[in-house]
Every structure is written in C-alpha cells, then in structure tokens.
Amino acid sequence: CGEYSNLFGLFCRSVGFETRMVFDWSDHLWTEVRLGDSWIMADGCEGIIDKPSMYEHGWGKDGLCYMVGIGCDHVVDVTSRYTRQFMKEDFQTRRREHTSSEEIGEKILKKLNDQLKQTLTRSRTEELTRRQRIENAELQKYKQATEWTQQEKYGRGRISGSLAWKQSRQEAGSDLQEQPSQSATVEDSDVGSGLNSTKIKAKEVLCLPVEAFIPASDRKSTRLNSSHTV
C-alpha cells in the first residue's frame, strides 16, 4: 500500500495537484489530494476516491486509532475524517496506547509543524495557518459524529489481496468475513506425489492478489504464464 500511495501521489503531483500521505497506525497507507480547500481521500491500492468510510464501515476494521496526514511541510491528525467512533471509550483506549492524552498528541504534532515551518516562506506559513483553521473546524465536527450517514457509507470490503489474507486482517467486510478461505490448498492426491512441492508453488502463484489489478480479459493469459513459469 505504501508503494501504491507513493506512486499515485507522484502521478497527482506531476499534473499539479498537492498531495500528502496518510499513515494509519493499524497498518495501511493511502493518499489525500487537495481539491480547493478540501483534502480528498484517494486509495491507490483499492482504486477508490472520496470514500473515507471505507476502512471503518466497508472493511470493518476495528483497530483504528491514529491516522496522520504527512505532507512535505505539515503534519495533521486526520483520524476523525475516517471514523465515527472517535469519542467512544474503546477508540480512545487504543489511542492512549500511543499518546498519554489528546493534548500530548496535539503538542507532538505542533512541535513537528513548528520545525517544518522554519524553512518555509512567510506566505506559505500564512497559507498553512489559513488551511489549518478550516481543516480543524471540519475535523472537530467529525469528532462529534457518532455514525456515518447513508450518503457517506461505503460498504465494500477490501478489494486488494487474497481472501484469506483479508480475513486474517479483518478487512474483508461483513459479507466476506465468514466465507471459507480461498487460499491455496493441496488435494490428498497431491500430497503423495513426487510433484507435490511444485503443485503447491503453482497454486500459491495463481492466488496472488495481483489479479485484482489485471483486467478480466487478461487474467487467463496471466494464469497460463504463471503456470508456465513455475
């Protein structure tokens, strides 16, 4: 996800958009792209744009705690954009595993931002201050919300990755969490065969999550090439 986030950000910046990376402490990365006075979620790993409810509502992640937007000249705690559980006790308990209080977390980010500002021009500093006021108001509003609206809800589980891997990370979504794993299996007849190790490797290659990014028309030839390589 880090590589996809970096690459998508590079594409955006190459055509004039400002971007920042969002680092999710529960093990994911994505991009935010600035449009007007707003930062828009763009997950290059999933091919999803402006669906901030995806991780909590769609994937069903229950380990969310800190999500920090990291730009070239600023750092922002954007957690409340991606959750409607911010003020709940269990959510705050997870956050306290990383900072002793919300005030301490804010002080840490302020210190980082003060260091970054030392190399900025006055006009850029003033622009970042203006942006911060707008974004802080938006994030504060999200902190008070307790559920996603129908318009905000995006209910699809994770697209990238094998089903077994997504289930192990609790990111497959509610519709898929209970389905049997589609990871590589070995039939009884394979185990007794002298070619069992080769067959296992072939099946592992064929279930690589890379298929999520290959057009359906090309998947058959990709499978054939993978089998031939093994």
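The values are calculated or read from the model by the stated rules, or taken from the named source; none is laboratory data. Small disclaimer: the values here were computed from a predicted structure and weren't measured. Neighbour counts run over all protein chains shown; Cβ positions are idealised from the backbone, glycine included. Surface accessibility is based on the protein's heavy atoms, side chains included, excluding ligands, DNA and RNA. Shrake-Rupley method; radii C 1.70, N 1.55, O 1.52, S 1.80 Å.
Of all residues in the range 63-76, none are more than 14 Å from the chain's Cα centre (by Cα), surrounded by fewer than 21 Cβ atoms within 10 Å (Cβ to Cβ) and hydroxyl-bearing (Ser, Thr, Tyr). The single condition from (1) touching a Ser or Thr at 6+ places or on another chain (Cβ under 9 Å); (2) surrounded by 13 or more Cβ atoms within 10 Å (Cβ to Cβ) that residue 88 fails is (2).
Out of 127, 106, one residue alone is over 27 Å from residue 48 (Cα atoms), touching a residue at least 12 places away in the same chain (Cβ under 8 Å), exposed (fewer than 15 other Cβ atoms within 10 Å of the Cβ) and acidic (Asp, Glu). It is 106.
Going by the conditions given, is residue 134 without any contact (Cβ under 8 Å) to a residue 24 or more places away in the chain and either loosely packed, with under 14 Cβ neighbours inside 10 Å or farther than 23 Å from residue 38 by Cα (or both)? Taking the combined requirement at face value, the residue does not satisfy it. Looking across 21, 41, 54, one residue alone is in contact with a Pro (Cβ under 9 Å, 6 or more places away or on another chain) and over 16 Å from residue 136 (Cβ atoms). It is 41. The single condition among (1) part of a loop (DSSP other than H, G, I, E, B); (2) farther than 25 Å from residue 43 by Cβ that residue 114 does not satisfy is (1). Against the numbered list (1) at pLDDT 95 or above; (2) surrounded by fewer than 18 Cβ atoms within 10 Å (Cβ to Cβ), residue 55 comes up short only at (2). Residues considered: 146, 93. Of these, the only one that is free of Cβ contacts under 8 Å to residues at least 24 places away in the same chain and among the β-branched types (Val, Ile, Thr) is 93. Every condition in (1) farther than 25 Å from residue 134 by Cα; (2) in a helix (DSSP H, G or I) is met by residue 98 except one, and the failing one is (2). Of the residues in the range 190-213, none is open to solvent by 60 Å² or more (accessible area, probe 1.4 Å), assigned to a helix (DSSP H, G or I), within 30 Å of residue 77 (Cβ to Cβ) and modelled with pLDDT under 95.
Residue by residue, here is whether (1) at pLDDT 95 or above; (2) under 18 Å from residue 24 (Cβ atoms) holds:
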| site | (1), (2) |
| --- | --- |
| 138 | yes, no |
| 142 | yes, yes |
| 154 | no, yes |
| 157 | no, yes |
| 170 | no, yes |
| 182 | no, no |
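Total residues in the range 5-44 satisfying the condition of being of a type in the set (A, V, I, L, M, F, W, C), open to solvent by less than 30 Å² (accessible area, probe 1.4 Å) and more than 14 Å from residue 79 (Cα to Cα): the figure is 3.
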